[in-house]
Amino acid sequence: MKHFELKGKKRVTGKKADVKSVRKEDRVPCVIYGAGVENTSFSVDEKDLKGLTHTPFSHIVDLDVEGTKYQAVLKAIQYHPVNDRPLHVDFLALDPAKPVVIDVPVKITGNSIGVRQGGKLSLNTRKLRVCGMQQNLPDELPVDITELGLGAQINAGDLKYDGIQIVSPKGTLVCAVRATRNSAAAATAETPAE
């Protein structure tokens, strides 16, 4: 899985004025916790954070908070309801000896039989939650749709990958090929008249 480097500065906590002063400097208040790490409050540059939040990919985050290094994943992010700027970010520290649960993007591959027959492919899920050791985590989950016919679908429970386990609910719809008027007309044209 891809890594993303982020530098942080420790920050004072306790008063609203402290948080406001951090945001005035175009920095985002953050906290890291988990994996035997003491909760640490820090801030990161808003521009640097965009490289992590404005991408379809998932990353292992290499955090450097004033010389203290952590490996973490983005756990939660709060946005301002009007201007959509990040207000606060939670990072979950990783333990290299324990499995990681993270959302990984789905990548559709192949040319579906159903689409060639005039159907329309709908991608319902862009990311699936997986669990695995850090070294086994992929950048994306390839989903081959070559054999997907009209009216067929692929659910999370249908997918299997080496070294990782999908923890999204088995019934999560990943993609489907829906019949369209064109595909229905083509099907009736192929049916011989009695």
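The values are calculated or read from the model by the stated rules, or taken from the named source; none is laboratory data. These figures come from a predicted structure and were not determined experimentally. In case anyone asks, the SASA skips ligands and DNA or RNA and just uses the protein heavy atoms, side chains included. Shrake-Rupley method; radii C 1.70, N 1.55, O 1.52, S 1.80 Å.
Output wanted: per-residue J couplings in Hz (rounded whole) for the stretch 121-130, from phi through Karplus 6.51 cos²θ - 1.76 cosθ + 1.60, θ = phi - 60°, x for Gly and Pro.
After applying 6.51 cos²θ - 1.76 cosθ + 1.60, I find 7, 10, 9, 9, 10, 8, 9, 10, 8, 10 Hz.
Taking 0.36 nm per residue of sequence separation and subtracting the Cα-Cα distance, how much length would be gained by fully extending the chain between Leu123 and Asn136, in nm to one decimal?
On the way: separation 13, 0.36 × 13 = 4.68 nm, distance 2.52 nm.
Result: 2.2 nm gained on full extension.
For Lys50, go through the lysines and keep the ones whose alpha-carbon is under 22 Å away, minus same-chain ones fewer than eight residues off.
Of all the lysines, those that pass the test against Lys50 - Cα under 22 Å, at least 8 places apart if same chain - are Lys2, Lys7, Lys9, Lys10, Lys20, Lys24, Lys69, Lys75, Lys127.
So what is the 222 nm mean residue ellipticity for the chain from helices alone, if each DSSP H run of at least 4 adds -39500 (n - 2.57) and you divide by all residues, rounding to the nearest 500 deg cm²/dmol? Display every interim value, and only then the final one.
Numbers: 4 runs with 31 residues, N = 194.
Theoretical 222 nm ellipticity from helices: -4000 deg cm²/dmol.
Output the antiparallel fraction of DSSP beta bridges having both residues in the chain, as a percent to the nearest 5. Write down the numbers at each step before the final one.
On the way: 38 of 52 bridges.
The antiparallel fraction comes to roughly 75 percent.
On a full-extension model of 0.36 nm per residue, what is the gain between Ala17 and Lys69, subtracting their alpha-carbon distance, rounded to one decimal in nm? Present the calculation step by step, with values, prior to reporting the outcome.
On the way: separation 52, 0.36 × 52 = 18.72 nm, distance 2.76 nm.
Residue separation times 0.36 nm, minus the Cα-Cα distance, leaves 16.0 nm.
Only one of the values (1) 12.5; (2) 11.0; (3) 14.6 was calculated from this structure for mean projected area of the Cα convex hull in nm²; name its label.
For mean projected area of the Cα convex hull in nm², the calculated option is (3).
With a 1.4 Å probe and all protein chains left in place, how much of the accessible area of the chain comes from carbon and sulfur atoms, in whole percent?
On the way: 5880 of 11690 Å².
Carbon and sulfur atoms account for 50 percent of the accessible area of the chain.
Figure the gain on full extension for Lys9 and Val101 (residue separation times 0.36 nm, minus the Cα-Cα span) and round it to one decimal in nm. Write down the numbers at each step before the final one.
Details: separation 92, 0.36 × 92 = 33.12 nm, distance 2.66 nm.
My answer for the length gained is 30.5 nm.
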